[in-house]
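Working notes for the structure below.
The values are calculated or read from the model by the stated rules, or taken from the named source; none is laboratory data. Note that the structure is a prediction, hence the values are computed from the model and not measured. Cβ coordinates were reconstructed from backbone atoms using ideal geometry, including for glycine residues, and neighbour counts include every protein chain displayed. Side chains are part of the model used for accessible areas, which takes the heavy atoms of the whole protein and leaves out ligands, DNA and RNA. Shrake-Rupley method; radii C 1.70, N 1.55, O 1.52, S 1.80 Å.
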Amino acid sequence: MKKQQFIKKVTLISIVTIMTTLLQAQAVNMAEASGTLAGIAVMAVQAKANLANAASSGDIDAIADAIKRADAVDSAMASAQEAYSKMERASAGNDEDAATAAADDLEVARQNAFDALNGEVPEPTPQSKHDQWKEGQKNTGGGPGRAYDPPNIYDVPWQTEGLRGFYQGLFGNFWGASSHGGGHQYHGGHEYDATPE
Amino acid sequence: MKRQSCMALILAFGLVFIGGLSVVQADEAIDQLVNDANESIAIAAAEVEEARIAIENGKQLMTQIPTDSELIGEVKQMLFEVSKEWELAINALEGAKQGASKIVSASNEEIARDYKLLATVNSGVALAGAKVVQTGLLFVDAVANNKTESLDIIRMAMQDSLAATSQVRFNYERVKALIAEKYSK
């Protein structure tokens, strides 16, 4: 009996110790993440100082390069802040996977800021052929091999009020009959509820 | 019986060896923390020194600006910001040195890591402050030497720097609060 009580006590103490260690580790991670965020903000200050130096020298190319770098650092800072917010939310919700993913994002942002300040400014990732094709399908208005988007009826090329009213009326009736605009009908610019109430 | 004694002896040796290895690894980790902290302090100290030189030059530049210059008000405002940042940078550098000095005497690696973090972030505050001082004095230089075409960019850079510096300080306070919270439990 005494043995069982002893085992229970040891188990309880072990659980409390493990939980305390985990909580401490979590606090360390957030503190380190805040430190990383501070470090990226320092890089932003350095990038602005470099820009001011370039401006003082009057070298146009140097100014253009410094602006590019400062913008890239600012962009990394924005990504870092977003990652930190995600990390905070994940930690609060005890979602360890999400917290780890956010910590990875924060590290990527820190590396991007460092590269922007000291080395190559990160260029946008080149699109794959598939991405280019997907991009080509957007808002094209049709054409061979391209997706067809209905033209904007509020921008009818014919500049006559009659035709414009006709097309807008058609759209209103179509909208009213659809699930999005159900219950509303379009009558010459006035809307009526589906029921008298 | 002999076999049992032999096994116990091997186990004891194993434990002593692992213990010794752990102590060596912990010492190496502490050394690395001290090196990292000292490196960040050295970088910040160099920038603070640059800022001090810029302030010395700024005193001379101020004599070149006519008192009736239309930019004199802005220059005074810039110098006001510069003096605030300078004071913060000096204090932060001192704080960084204090933090780094406590790494070795920390009772365990966890606490040593926290002192290293405080030292590094304090160095960041000092570095950012020193850079803002340098940027502010570039504005004074531009006014004194009639580099009017660069004024707009330097002005904008200074405003952005002040905003980013406040981010540095905000995060430093957050680091301090999180570490304090950890040890108050």
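What pairs in A:LYS68/B:LYS97; A:LYS86/B:LYS84; B:LYS102/B:LYS131 have C-alpha atoms more than 30 Å from each other?
Table pairs above 30 Å Cα-Cα are A:LYS68/B:LYS97; A:LYS86/B:LYS84.
Could you work out what % of the accessible surface of chain B is carbon and sulfur, using a 1.4 angstrom probe and leaving DNA, RNA and ligands out of the count?
59 percent
For the stretch B:71-156, which semi-axes, largest first and in whole Å, follow from the square roots of 5 times the eigenvalues of its Cα gyration tensor?
Equivalent ellipsoid semi-axes, largest first: 38, 11, 7 Å.
Can you pull the Rg over Rh of the stretch B:38-112, Cα-only, Kirkwood?
1.22
Find how much the distance from B:GLN77 to B:ASN146 grows on full extension, using 0.36 nm per residue of separation minus their present alpha carbon separation; answer in nm with one decimal.
Stretched out fully, the B:GLN77 to B:ASN146 stretch lengthens by 23.0 nm.
Tell me the accessible surface of B:MET156 in square angstrom (1.4 angstrom probe, heavy atoms of protein chains only), to the nearest ten.
Per-residue accessible area (B:MET156): approximately 90 Å².
Taking both sides together, what accessible area is buried at the B/A interface, probe 1.4 Å, expressed in Å² and rounded to the nearest 100?
2400 Å²
Find which of B:PHE170, B:GLN77, B:ILE154 sits farthest along the positive direction of the dipole of the stretch B:68-185, computed with +1 on the beta-carbon of Lys and Arg, -1 on that of Asp and Glu, about the Cα centre.
B:PHE170
Simple spin-label model, 7 Å along Cα-to-Cβ: A:GLU96 to A:SER75 in nm?
3.5 nm
From the C-alpha gyration tensor of the stretch A:23-122, pull out the three semi-axes of the equivalent ellipsoid (sqrt of 5λ each), sorted largest to smallest, in whole Å.
After diagonalising the Cα gyration tensor, the semi-axes are 32, 11, 8 Å.
May I ask for the Rg/Rh ratio of chain B, computed from Cα atoms with Rh as the Kirkwood radius, given to two decimals?
Rg/Rh: 1.29.
Across the stretch A:83-90, in residue order, what do the Karplus-derived ³J(HN,Hα) couplings come to in whole Hz, using 6.51 cos²θ - 1.76 cosθ + 1.60 with θ = phi - 60° and x for Gly and Pro?
3J(HN,Hα) across the stretch A:83-90, in whole Hz: 4, 5, 4, 4, 4, 4, 5, 5.
About the Cα centre, and with charges only on the beta carbon of Lys, Arg (+1) and Asp, Glu (-1), how big is the dipole of the stretch B:69-161? Nearest 20 debye, please.
With only Lys, Arg, Asp and Glu charged at Cβ, the dipole is about 300 debye.
Can you give the FRET efficiency for B:LYS84 and B:SER184, using 1/(1 + (r/R0)^6), R0 = 35 Å, r = Cβ-Cβ distance, to the nearest 0.05?
So, using R0 = 35 Å, E works out to roughly 0.70.
Which of B:LEU93, B:LEU151, B:LEU118 moves the most in a Gaussian network model of chain B with Cα springs under 10 Å?
Greatest mean-square fluctuation among the candidates belongs to B:LEU151.
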